[in-house]
Amino acid sequence: MQERIDRIKDQLHAASYKLTPQRESTVRVLLENEADHLSAEEVFLKVRERSPEIGLATVYRTLELLAELKVVDKINFGDGVARFDLRKEGAEHFHHHLVCIECGAVDEIEEDLLGEVEKKVERDYQFKIMDHRLTFHGICHRCQK
Ligand SMILES: [Zn+2]
Ligand SMILES: [Zn+2]
């Protein structure tokens, strides 16, 4: 945990930002809930348990900054709520998601399935791809039982 915080601190420093205690509390909540896809409000409620003095606006600004620096990705699964998802370390692209329409579970696919698709798009459309989003909507293995 501390090592990852240190690396995120380095990413902030490289962009001339400091890891203030408020920012660090937000980063810790994201790391502790890495498997979840928390909204800004949900992050705020968890940050507040630890640091009651931090306001929602500060948490919002921190999340926007982390998104700008590509520490987190901002995603929307079609319910109109922006969610924040930590980037996997060393991942070139954003991981893929499986969203269950029955129970709402969000599972992750960490392997990049789009390598061939990207090559084709780059070739056929002369488009330099920097990143992508891929979300499958369906029924999860738990709900199929
Ligand atoms: Zn995710
Ligand atoms: Zn399900």
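Values quoted throughout were computed directly from the atomic coordinates according to the rules given, and no laboratory measurement underlies them. Because the structure is predicted, anything quoted here is derived from the model rather than measured. Cβ placement follows ideal geometry from the backbone for every residue including glycine, while neighbour counts extend to all protein chains displayed.
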Q: Step through the residues of the range 4-15 one at a time and calculate ³J(HN,Hα) from phi using the Karplus curve (6.51 cos²θ - 1.76 cosθ + 1.60, θ = phi - 60°), rounding each to whole Hz and writing x for Gly and Pro.
A: 5, 4, 4, 5, 5, 4, 4, 5, 5, 4, 4, 9
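Shape verdict for the range 91-144, please, from the Cα gyration tensor: rounded (a/c under 1.5), prolate (a/b greater than b/c) or oblate. The partial results should precede the final answer.
Numbers: a/c = 3.34, a/b = 2.60, b/c = 1.29.
Since a/c reaches 1.5 and a/b is larger than b/c, the shape of the range 91-144 is classed as prolate.
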Q: Would you mind ranking Phe127, Phe77 by Cβ crowding within 10 Å, fewest neighbours first?
A: Phe127, Phe77
Q) On a 0 to 90 degree scale, rounded to 10, what angle separates helix 40-50 from the longest Cα axis of the chain? A) 40 degrees
**Q.** Ellipticity estimate at 222 nm from DSSP helix runs (n ≥ 4, -39,500 (n - 2.57)) divided over the chain, nearest 500
**A.** -13000 deg cm²/dmol
Q: Could you tell me how many degrees, from 0 to 90 and to the nearest 10, lie between the Cα long axis of helix 115-125 and the main elongation axis, the longest principal axis, of the Cα atoms of the chain?
A: 70 degrees
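Over the Cα atoms of the chain, compute the convex hull volume and normalise it per residue, giving Å³.
Details: hull volume 20.7 nm³, N = 145.
Convex hull of Cα atoms, per residue: 143 Å³.
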Q: For Cys140, enumerate residues with amide H under 5 Å from its amide H, sequence gap 5+ or separate chain, H modeled in the peptide plane.
A: Ile101, Glu102, Cys103
Q: Give the percent of DSSP beta bridges with both residues in the chain that are antiparallel, rounded to the nearest 5.
A: 75 percent
Q | Which of Val71, Ala91, Leu12, positive extreme of dipole for the chain (C-beta unit charges) | A | Leu12
Q | Residue exposure sequence - Thr58, Thr135 - by fewest surrounding Cβ within 10 Å | A | Thr135, Thr58
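Which order do Arg48, Arg83 fall in if you start with the one that has the fewest other Cβ atoms within 10 Å?
Arranged by neighbour count, lowest to highest, Arg48, Arg83 become Arg48, Arg83.
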Q: Taking the Cα centre of the chain as origin, work out the dipole magnitude from +1 charges on Lys and Arg Cβ and -1 charges on Asp and Glu Cβ, in debye rounded to 20.
A: 320 debye
**Q.** In the chain, lysine pairs with alpha-carbon atoms under 29 angstrom apart (chain gap of 8 or more, or interchain)
**A.** 25
Q.
Skipping prolines and chain starts, which residues have an amide H placed within reach, meaning under 5 Å, of the one on Leu86, given they are 5 or more residues away or on another chain?
A. Asp73
Q | Most positive-pole-ward Cα, Leu30, Val81, Cys100, against dipole of the range 1-102 from beta carbon charges | A | Leu30
